[in-house]
Amino acid sequence: MKKATIQLDTLTCPSCVQKIENATKSLSGVDKESVKVLFNSSKLKFDFDDDKLSVEDVEKAITALGYDVKKSQVKAK
Amino acid sequence: MQRFILSRKNHIALISGILIAIGFTSALGFKNEIVAVWALAAASVLGVAPIAIQAYQALKVKVVSIDVLVTIAVVGAFFIRNFEESAIVTFLFLFGAFLEQRTLNKTRSAIKELTEMAPESALKQMANGEFEEVEVDEVDVGDILLVKTGAKIPVDGTVISGEGSINEASITGESLPVSKEKGSTVFAGTILDNGTIQIAADRVGEDTTFGKIIELVEEAQDSKSEAERFIDRFAKYYTPAVLLLGILVWVFSQNIELAITILVLGCPGALVIGVPVSNVAGIGNGARHGVLLKGSEVIGDFSRLDTMVFDKTGTLTLGNPSVAEKKYYGDNIDEALGFLASVERESDHPLAKAVLADIGETTFSPVESTEVIKGGGIVAGVGGHRIAVGNVALMEREGVELSEQAKADIAHFEKNGNSLVLTSVDGELKILMGVRDQIRPGVKEDLLRLKRLGVKNLVMLSGDNQGTVDVVSRELGLTEAHGNMLPEDKSAYIKRLIEEEKQIVAFVGDGVNDSPSLALAHIGIAMGSGTDVAIETSDVVLMNSDFSRLPHALGLTKATARNMKQNIVIAVGVVLFLLASVFFSEWMNMSIGMLVHEASILVVILNGMRLLRYKLRK
């Protein structure tokens, strides 16, 4: 398991949070319980299984929703 | 294409606004209906594009968002050829989003200021011994870093060479520079005012004290209280319910106009944003004033506080005993002080340190002999004189005669809670000193402020004897004070307050031996100089252990809790008002509904922003 923190472009609507959360949870390999979208600091935090997917896959899913990814960081858990 | 449209949302709002203006001038000014219809239809199509894209993306991940409601309503209005409504609704929605973004950024500004203090780069020693600039993420524990004058310390570390003075305001809140030399610890995010140092990295990134503070504040501002989680759950089902209601109204009444109006009016609007906005602004204000609040649950509890329990030593008092009162008798006092200092210099008793600190510069004489009298003090030979330093019992043993004046002074000093240090030279009393742990300057005023803010009981618990405790309690005007208490007695006391008296309790302690009490109380506040322990164990962290920030913290949480309630009332009130007026009034339509919604969102954000300027009235 790895722990990722993705810095997103400023989030302004609370429904964006729900969209990003659902999109991230729907990817296989992401630990659903760990997904956390920080609305005010515009960050996405989650744990994932790095055998099943890479952080780029998540980034792609979020970009497809129309949100820019500024920076992402992956740490061993 | 989708991303292009979304990134131009603000431009689209502007163009659609212009088109609407053209439409209305040609309809009302020039009676040119054709131009008007085309302009408004164009504005609708253009305006709905970004909203529809967001709606589509939301549906893809199974979320019925506000965008979905608005898109359906606009398409419906377009379908019944009500271009006026469709154009205005899309414009208001886009323009509202633009204003929300601008104002929301303001409420977040305080915390942004804090995170922007995070260091970004570091000069790291490479394999060839040269220093090269790298991103701070690339620094690992054990790396050697060079920090030059004016630069930020990139990580927590230890100085291995060089010296300089560092401004640690970002960590401790203390703006006086601290000097550092080989072996000193330095903290990430602090600034090297002058000098050049090399440091070895001990902790990097999120593990540094600064990283922890930022993480704490970031998590705090997004943490949700029970009420908020309820609103979230509610909103999740609320929007689909509004959609369903719209469909039902359409099926049964065949009135598209009414159905789509319900979709717009039912938007949750201010409800979902009201509470988070108060939360982020309140926590931001705290961060600016050296008070870190760990989340909205803490704000809720702290604002309803009944009882505040304090540890004595190190919390209400400074924690290091010092000479509070002194009296001299007879002549040659300077000489006597010199003898006293010479004797005390040989001792490591805490009282001796206080005495030495008080005497300061003096002439020391060699001590020829010393005898420690158990439970009394020291008898020493200095420069051919017999010096006795100790308590009243020692003076009696030495046969020192105490004058009436001296006896009165001793009684007075004891009543004030002092430990006594008497000094005699050749059997004659020369010096009487009263040593005690002094009350922190300003604590009395701070406690008074806490009381004025509505804290009912101020309680002190201490391991010291009841006499000393009573003296401090009287001086500070506390409600209750209990002495002779072990850490487990303290936690039992707090447990009783919480379980039997159903009070909301805060405990303020040193964070080391009081951790059970800190954990047990609803609000734990550790006074450990901005250290890890204080940050981890506290619900409210006071930067630099500054007691005087406590009243601000309490006032702020009260203001924030009030602000949240106001925002909930505004949001719920607006939705109820809109839904009621669609059924009971003639004038309500989509455009007015959208206008009221967007206005209410701005009102709650502006209301939240007031918290950024909150200051405790003196």
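One line per residue, one yes/no per condition, for (1) in a helix (DSSP H, G or I); (2) in contact with a Ser or Thr (Cβ under 7 Å, 6 or more places away or on another chain); (3) surrounded by 17 or more Cβ atoms within 10 Å (Cβ to Cβ):
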residue	(1), (2), (3)
B:Leu518	yes, yes, yes
B:Ala553	yes, no, yes
B:Lys565	yes, no, no
B:Glu586	no, no, no
B:Ile592	yes, no, yes
B:Arg610	yes, no, no
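Okay, residues lined up against (1) of a type in the set (A, V, I, L, M, F, W, C); (2) surrounded by fewer than 18 Cβ atoms within 10 Å (Cβ to Cβ); (3) over 17 Å from B:Val425 (Cβ atoms):
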site: B:Glu361; (1), (2), (3): no, yes, yes
site: B:Pro366; (1), (2), (3): no, yes, no
site: B:Glu371; (1), (2), (3): no, yes, no
site: B:Ile387; (1), (2), (3): yes, no, no
site: B:Met395; (1), (2), (3): yes, no, no
site: B:Glu398; (1), (2), (3): no, no, no
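Here B:Met117 meets the list (1) more than 25 Å from the chain's Cα centre (by Cα); (2) closer than 30 Å to B:Val280 by Cα; (3) surrounded by fewer than 22 Cβ atoms within 10 Å (Cβ to Cβ) almost entirely, failing just condition (1).
Give the residues of the stretch B:594-616 that are more than 18 Å from the chain's Cα centre (by Cα) and touching a residue at least 60 places away in the same chain (Cβ under 8 Å), sorted by residue number. I'd like the intermediate steps shown before the answer.
Taking the stretch B:594-616 and keeping what is more than 18 Å from the chain's Cα centre (by Cα), we get B:594-607.
Selection gives B:Met594, B:Leu595, B:His597, B:Glu598, B:Ser600, B:Ile601, B:Leu602, B:Val603, B:Val604, B:Ile605, B:Leu606, B:Asn607.
Pairing residues of the stretch B:393-414 that are under 18 Å from B:Lys326 (Cβ atoms) and not assigned by TED's automatic domain parsing to the domain that holds B:Val472 with residues that are part of a helix (DSSP H, G or I) and among the hydrophobic types (A, V, I, L, M, F, W, C), at Cβ distances under 8 Å and at least 6 apart in sequence or on separate chains, gives B:Leu402/B:Val392; B:Leu402/B:Met395; B:Leu402/B:Ile410; B:Ile410/B:Val392.
Considering only residues that are polar (S, T, N, Q) and facing another protein chain (nearest Cβ under 9 Å), which ones fall in the stretch B:95-112? Walk me through it before giving the result.
First, the residues of the stretch B:95-112 that are polar (S, T, N, Q): B:101, B:103, B:105, B:107, B:109.
Result: B:Gln101, B:Asn105, B:Thr107.
Filtered by the rule that a residue be within 14 Å of chain A (Cβ to nearest Cβ), touching a residue at least 40 places away in the same chain (Cβ under 8 Å) and either closer than 16 Å to B:Phe95 by Cα or among the basic types (Lys, Arg) (or both), the stretch B:40-68 gives B:Ala49, B:Pro50, B:Ile51, B:Gln54, B:Ile66. If you filter the stretch A:19-60 down to residues that are within 9 Å of chain B (Cβ to nearest Cβ) and farther than 25 Å from B:Val277 by Cβ, you find that the one that is surrounded by the most Cβ atoms within 10 Å (Cβ to Cβ) is A:Lys25. Only one of the numbered conditions (1) away from every other protein chain (no Cβ under 14 Å); (2) surrounded by 15 or more Cβ atoms within 10 Å (Cβ to Cβ); (3) charged (D, E, K, R); (4) touching a residue at least 24 places away in the same chain (Cβ under 8 Å) is violated by B:Asp207, and that is (1).
Among the candidates B:Val459, B:Val425, B:Val505, B:Val469, the residue that is touching a His at 6+ places or on another chain (Cβ under 9 Å), among the hydrophobic types (A, V, I, L, M, F, W, C), surrounded by 14 or more Cβ atoms within 10 Å (Cβ to Cβ) and assigned by TED's automatic domain parsing to the domain that holds B:Ser403 is uniquely B:Val425.
In the set B:Val178, B:Val242, only one residue is within 14 Å of another protein chain (Cβ to nearest Cβ) and farther than 29 Å from A:Gln73 by Cα; that residue is B:Val242. In this entry, B:Gly295 passes the filter for residues that are surrounded by fewer than 24 Cβ atoms within 10 Å (Cβ to Cβ) and within 14 Å of chain A (Cβ to nearest Cβ). Going through (1) modelled with pLDDT of 85 or more; (2) under 30 Å from B:Asp539 (Cα atoms); (3) assigned to a helix (DSSP H, G or I) one by one, B:Ala393 falls short only on (2). Taken over the stretch A:20-45, residues that are in contact with a strand residue (DSSP E or B) (Cβ under 8 Å, 6 or more places away or on another chain) and under 18 Å from B:Ile214 (Cα atoms) amount to 7.
Would you mind finding the one in B:Gly183, B:Gly157 that is surrounded by 17 or more Cβ atoms within 10 Å (Cβ to Cβ) and farther than 30 Å from B:Ile592 by Cβ? Break it down stepwise before answering.
On the way: B:Gly183 fails: surrounded by 17 or more Cβ atoms within 10 Å (Cβ to Cβ).
On inspection, the qualifying residue turns out to be B:Gly157.
Residues that are surrounded by fewer than 24 Cβ atoms within 10 Å (Cβ to Cβ) and of a type in the set (A, V, I, L, M) within the stretch B:64-93 comprise B:Val64, B:Val68, B:Ile72, B:Val75, B:Ile80, listed in sequence order.
Per the conditions (1) under 16 Å from B:Leu46 (Cα atoms); (2) in contact with a Leu (Cβ under 9 Å, 6 or more places away or on another chain), the sole criterion not satisfied by B:Ala110 is (1).
The values are calculated or read from the model by the stated rules, or taken from the named source; none is laboratory data. Keep in mind the model is a prediction, meaning the values are calculated, not measured. FYI the Cβ positions are ideal-geometry reconstructions off the backbone, even for glycines, and counts take in every protein chain you see.
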